[in-house]
Every structure is written in structure tokens, then in C-alpha cells.
Amino acid sequence: MAAVESTNLGSIPASGDLSIWGLVMQADLVVQVVMIALVLSSIWCWAIIFDKVRYFRRLSRQAEEFEEAFWSGGSLEELYERVGNTPEHPLTALFVVAMREWTHTAKRGFNSRDGSAHFNLQGRIDRVMNVTLAREMESLERHMGFLATVGSTAPFVGLFGTVWGIMNSFQAIAITKNTSLAVVAPGIAEALLATALGLVAAIPAVVAYNKLSNDLDRYAGRLESFAGEFTALLSRQLSEEVK
């Protein structure tokens, strides 16, 4: 009896390569698909993170330069001509659409004395700036949903791979009728690797999403403040024109 047990134990396959690459290669097909999906998601998240951080820094620098030029006391018409019809960032886009409405009305002349021109122009400027603001924010928020999705779902995807790997381990125990660690170690190791990859993908995505969302909120506030101040400035100038 002892000889039979010794023979069975000797026929149990070795645990194999327990390195990360080895675990991936010897994992079940379903677990491999889960691992590959998590790795690709993590890579894409980091690409989005680096792009957004670099882009937001450039937007902040451009906004400071434009606001300095805007509040320098120079002519708005000259600034409008310099910016042109191809604004480089959202702040200049707001400025351009508002100035376009202003110059269009100015060419027709401010000949209304009952305040209707003032009211209509201000309403048009508010509408075009709101539409432009919404469009620019929609562009800035692009790919943010992917970060939120990965941050919320990656741990569960990794958990699915974990459950599948543990199921394989129990099946190995049932087939070999042996509870030796050498039998269950590969399945458990690949299961834990799937969990780890899920966390590796989710944690940076959640942290980056929160950071970038705060940056977006601050920038949106900056755009709204500029839109309000610029509208008030044009309103005061229009009131002087129609007097």
C-alpha cells in the first residue's frame, strides 16, 4: 500500500514554472484571455493618463498667456484679429465666438434706443458661448469614461479569472485525488496573478480619473468665469454704444 502511494506521488506532475511569464503561458485559456484584456486595458489607461496630463498642462499655460493678453488693456479687436478663426484652445474659442457676434452686430450699427439690440446681442452671445463651452468640455472629457470603466470593472474581471483558476485547482485535485500543494499551486498562482493584474489596471485608473476630473472641474470653472466676465464687459460696452 505504501508502495502504491509512493508511485502515485511520484507520477504527479511538477508545479512547473511559477514565474509570471510561466504562469501566463500555462494558464487556462479563459484565464489567459482575462490577463491579456487586463494588460491591454492598463496600457491604454496609461496612454490616456499621460496624454491628458500633458494636454491639461498645456491648456493651463495657454490660458494664462491668453488671459494676460486679454486683461492687458489692449484692443479686443486687435486680439481678435491675432487669434483668428482657428482658436488653439477652449478659452480662445469662447473669445472668438463672442467677438464674432459682436463684430457682426457692430457692422450693422448700434442704432436701437429702446434696448432691444442690447438684449438681443447679449442673448446671442450667451447662447454661442454656452454652446461652445459645452462642446469644448465634451472634447476635454473624451476617454475619461474609459478610465472610470476600467477603475470600476477591472477588479471584478480579475476576480473572475481568480475564480476560474481556483476551479481548475479543484478539478486537478479531483482528477489526481491528491491534495498536494504541487497539484494546486499552479492554479492558485495563476488565479492570484489575475487578481493582481485587475488591481494593477484599476488602481491607477481610479487615481487618475479622480485627479483629471478635479482638473477638468477647475478648468471648466475658469472657462465659465471668463465667459461671465467677457459677457459683462461686452454688455457695458454695448450700453455705452447705444446711449
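Phi angles of the stretch 188-193 translate, via the Karplus equation with coefficients 6.51, -1.76, 1.60 and θ = phi - 60°, into HN-Hα couplings of 5, 5, 5, 5, 5, 5 Hz per residue; Gly and Pro are given as x. Calculated FRET efficiency, THR86 to GLU141, Cβ-Cβ distance, R0 = 25 Å: about 0.65 to the nearest 0.05.
Between LEU199 and ARG54, the contour length at 0.36 nm per residue exceeds the Cα-Cα span by 49.7 nm. Using the Cβ-Cβ distance between LEU79 and VAL128 with R0 = 22 Å, the FRET efficiency computed as 1/(1 + (r/R0)^6) comes to roughly 0.80.
The numbers here are math on the coordinates, done by the rules we state, and not lab data. Everything numeric in this text was worked out from a predicted model, so none of it was measured. Positions of Cβ are generated from backbone atoms using ideal geometry, with glycine treated the same way; all protein chains shown enter the neighbour counts.
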